[in-house]
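Beneath this line is the structure, given in structure tokens, with notes to follow.
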Amino acid sequence: MRAALADRVPGVRTAWPPLPRRTRPSRTVLTIRTPISRRAATALAAGSLVVPFACWVVLSASGAVPATFLPSPGAVLAAGWEMARSGELAVDVGTTTLRVLEGFGLAVLVSVPLGIVMGAFHAGRALFEPVIGLLRYLPASAFIPLLIIWLGLGEPSKIAILFLGTVFFNALMTADVVRGVPRSLVDVSYTLGARRGEVLRKVVVPHSVPGVIDAVRVNAAAAWNFVVVAELVNSTAGLGYRIVRAQRFLQTDKIFAVLVVIGVIGVMIDVALRLVRALVGRWAA
Amino acid sequence: MGRVTLELVDVCKDYRVRGQRKRALDGVRLTVSPREFLCVVGASGSGKSTLLSLVAGLTTPTSGEITVEGRPITGPGPDRGLVFQTGSLYPWRTVERNVAFGLELLALDTAERRRRVDWYLAETGLAAVRRSLPRQLSGGQQQRVAIARALACEPDVLLLDEPFGALDVQTKEDMQLLIRQIWRDTGTTVLMVTHDVEEAVFLGTRVVVLASDPGRVAAEIRIPLADDRDLTAKRTPVFHELRASVEDLVRASHRREVIR
């Protein structure tokens, strides 16, 4: 028998003075990754909404800031109601939503298969990742002038901005999700007789679905941002257009109302996608 | 000399670790006969898992040849069912749909597939949880699903890679009895890799000891225990003797890290 630890020096441990003890702090709301009470959670969540709103009410009511700069909540509500009543709001929301569906929808249709190819095949990664890694750092909003020159002032240039702003991120995120499929799951599928296409269809894709929905949820938020940016330039309808119009006439109450609408729709999209995710990803819970 | 189910001839496998070639397996010769239950034991670093992954066709040998029923191995296939230590179930598929996976790939009508799935679920004691998802199962149940799923493809040889390594001692003994029962009921040839000598002696009809660094066959011991052995066999003098001699062989072929 060989001794790999030849330099080991054996000996009985001597009596050292006892190690100093540290007092353990008790549990608080700020203990790392520890659940807090339902009441505390509700209070914190409510506070995060109520406090800024209260600041807004106080600031606008006190007259410290002119109403032209900071309209009161009442004025914003009235402006919103007026837009809703005239039918203007429905048209704007419809136009903007349609653009998101077209631009981002197209991006999802392209980026998900692309991401699967990049995630499943080393060749796919080698081929696409360098160029996509570069392209995603080019800000989509910087493409607006170029796209207007190429595609004109109409819908195509707006949809193209949405597409460019989301397609690369979604492809890279999808690829990461696909790379997260455990190797053992792929290996075992081959030993059960699956061929390459079957492993992709019956193992890689189903395992990736919840993660891809997560990626889509993150990038849907980005799409919702880009559409407003796209509409700031030369539109005739849409929520971004409405903001530019309102700015021209110094209607800050209207700008605020549109911002609230944008936020609410964004939250609705997020909640809807979370619901879909919870439904199809029950196995992953 | 009868037929041979699995044959390894002078199999070597090299790995590249930080630019250095490292030999994991060195000239392994092994034959497994039909209906044998062969257990391969060895310390970590003896290349046990490498051996199994070569037979499964997930990696290719650097040199040498592996044949199953006379056919050289070119890649993984359903003729060599594989069970890992943990976590190889499809988490989105229910127990019965996990077991059915291999059969779904074949041109089988639904009734026939169902009949077979039902049999394997009953054989592995999973009928009651057939509609559960893997995450709802205990560790022992999950391994039973993996075994049933591999067996449903009727492999020529069932490959088990430390299948009970992550289970508690009691569950492990239940599983040992179960796998012996399944082996007798199905007549499947089994090649199992483990570091647990007691398990190898209890389960195997033959035990092969692998030496470490590089992995090579150090010894082969026939296990003359009855085919219908139960847990009481573990208390017999014959068992103790076999276990002691295999332990000595493993110890002698293991690169020691610490001595006292």
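According to the Kirkwood expression over distinct Cα-Cα pairs, how big is the hydrodynamic radius of the protein assembly as shown, in Å?
Numbers: mean 1/r = 0.0345 Å⁻¹.
Value: 29.0 Å, from the Cα pair sum.
Under 5 Å between amide hydrogens, which residues at least 5 positions from residue B:23 or on another chain qualify, with H placed 1.01 Å from N in the peptide plane?
Excluding prolines and chain starts, which carry no amide H, the hits are B:15.
In degrees between 0 and 90, to the nearest 10, how far off the longest principal axis of chain A does helix A:155-179 point, with axes built from Cα atoms?
10 degrees
Per residue of segment A:23-29, what does 6.51 cos²θ - 1.76 cosθ + 1.60 with θ = phi - 60° give for ³J(HN,Hα)? Whole Hz please, x for Gly and Pro, Karplus curve as stated.
So the J values, rounded to whole Hz, are 6, 9, x, 6, 5, 10, 5.
Just want the ordering: A:7, B:213, from fewest to most Cβ atoms lying within 10 Å of their own Cβ.
On the way: A:7 6, B:213 16.
Ordered from fewest to most neighbouring Cβ atoms within 10 Å, A:7, B:213 come out as A:7, B:213.
Just want the answer: with Cβ charges of +1 for Lys and Arg and -1 for Asp and Glu, which residue in A:107, A:69, A:161 is farthest toward the dipole's positive end in segment A:66-284?
Looking along the dipole axis, the top candidate is A:107.
Pull out a ≥ b ≥ c, the square roots of the eigenvalues of the alpha-carbon gyration tensor of segment A:36-126, then state rounded if a/c is under 1.5, prolate if not and a/b is larger than b/c, and oblate in the remaining case.
Values: a/c = 3.28, a/b = 1.65, b/c = 1.98.
Oblate shape, in that a/c is at least 1.5 and b/c is the bigger or equal ratio.
For residue B:93, enumerate residues with amide H under 5 Å from its amide H, sequence gap 5+ or separate chain, H modeled in the peptide plane.
Answer set, sorted by chain and number: none.
From the square roots a ≥ b ≥ c of the eigenvalues of the alpha-carbon gyration tensor of segment B:1-121, which class results: rounded (a/c under 1.5), prolate (a/b over b/c), or oblate? Working shown, then result.
Working: a/c = 2.36, a/b = 1.65, b/c = 1.43.
Verdict is prolate for segment B:1-121.
Mind checking the angle between helix A:122-135 and chain A's longest principal axis? C-alpha axes, 0 to 90 degrees, to the nearest 10.
Helix A:122-135 sits roughly 40 degrees off the main axis of chain A.
Relative to the first principal axis of the alpha-carbon coordinates of chain A, what is the inclination of helix A:252-280, with its axis defined by its Cα atoms, in degrees from 0 to 90 and to the nearest 10?
40 degrees
For the pair residue A:90/residue A:53, report the inter-label distance in nm, with labels modelled 7 Å from Cα in the Cβ direction.
Each label point is offset 7 Å from its Cα along the Cβ direction, giving 2.7 nm.
Using the count of nearby Cβ atoms within 10 Å as a rough guide to exposure, how do B:227, B:118, B:79 rank from fewest to most? Write down the numbers at each step before the final one.
Values: B:227 10, B:118 14, B:79 18.
Least to most surrounded, the residues fall as B:227, B:118, B:79.
For residue B:144, what charge total do you get from the other residues with a beta carbon under 10 Å from its beta carbon, if Lys and Arg give +1 and Asp and Glu give -1?
Numbers: positive: B:149; negative: B:123, B:174.
Surrounding charge for residue B:144 is -1.
Distance in nm between label sites at residue B:245 and residue A:131, each 7 Å beyond Cα in the beta-carbon direction?
It is 6.7 nm.
So what is the relative contact order of segment A:66-284, in percent, for Cα pairs below 8 Å that sit 6 or more residues apart?
29 percent
Once the other residues with Cβ under 15 Å from the Cβ of residue B:70 are scored (Lys, Arg +1; Asp, Glu -1), what is the net sum? If you can, show how the numbers build up before the last one.
Values: positive: B:3, B:71, B:80; negative: B:7, B:65, B:69, B:79, B:156.
That sum, taken over residues with Cβ under 15 Å, equals -2.
May I ask you to derive the FRET efficiency for residue A:195 and residue A:122 from their Cβ-Cβ distance with R0 = 25 Å, giving the value to the nearest 0.05? All intermediate terms of the calculation are to be shown ahead of the outcome.
Working: r = 19 Å, r/R0 = 0.75.
Calculated transfer efficiency: 0.85.
Rounded, prolate or oblate: which fits chain A, taking a ≥ b ≥ c as square roots of the Cα gyration tensor eigenvalues, rounded meaning a/c under 1.5, else prolate when a/b beats b/c? The partial results should precede the final answer.
Details: a/c = 2.56, a/b = 1.37, b/c = 1.87.
Oblate shape, in that a/c is at least 1.5 and b/c is the bigger or equal ratio.
Each residue of segment A:209-225 in turn: what ³J(HN,Hα) in whole Hz from Karplus with 6.51, -1.76, 1.60 and θ = phi - 60°, glycine and Pro shown as x?
With coefficients 6.51, -1.76 and 1.60, one gets 3, x, x, 5, 4, 4, 4, 4, 5, 5, 7, 5, 4, 5, 4, 5, 5 Hz.
Can you list the HN-Hα couplings for segment B:106-121, worked out from phi with the Karplus curve (6.51, -1.76, 1.60; θ = phi - 60°), rounded to whole Hz and with x for Gly and Pro?
The phi angles translate into 9, 7, 10, 6, 4, 5, 5, 4, 4, 4, 5, 4, 4, 4, 5, 5 Hz.
Long-range amide H contacts for residue B:81: which residues qualify at under 5 Å (H placed 1.01 Å from N, peptide plane, sequence gap of 5 or more or a different chain)?
Counting only residues 5 or more places away or on other chains, the set is B:156, B:157, B:159.
Which of A:190, B:74, B:47 sits farthest toward the positive end of the charge dipole of the protein assembly as shown, with +1 on the Cβ of Lys and Arg and -1 on the Cβ of Asp and Glu?
B:47
Below 25 Å, Cα to Cα, which lysines can residue B:22 reach? Residues fewer than 8 away in the same chain don't count.
B:13, B:48
Where a number appears in this text, it was derived from the coordinates with a stated rule and is not lab data. Since this is a predicted model, take the numbers as computed values, not measurements. A quick note on method: Cβ atoms are made from the backbone with ideal geometry, for glycine too, and the neighbour counts reach across all protein chains shown.
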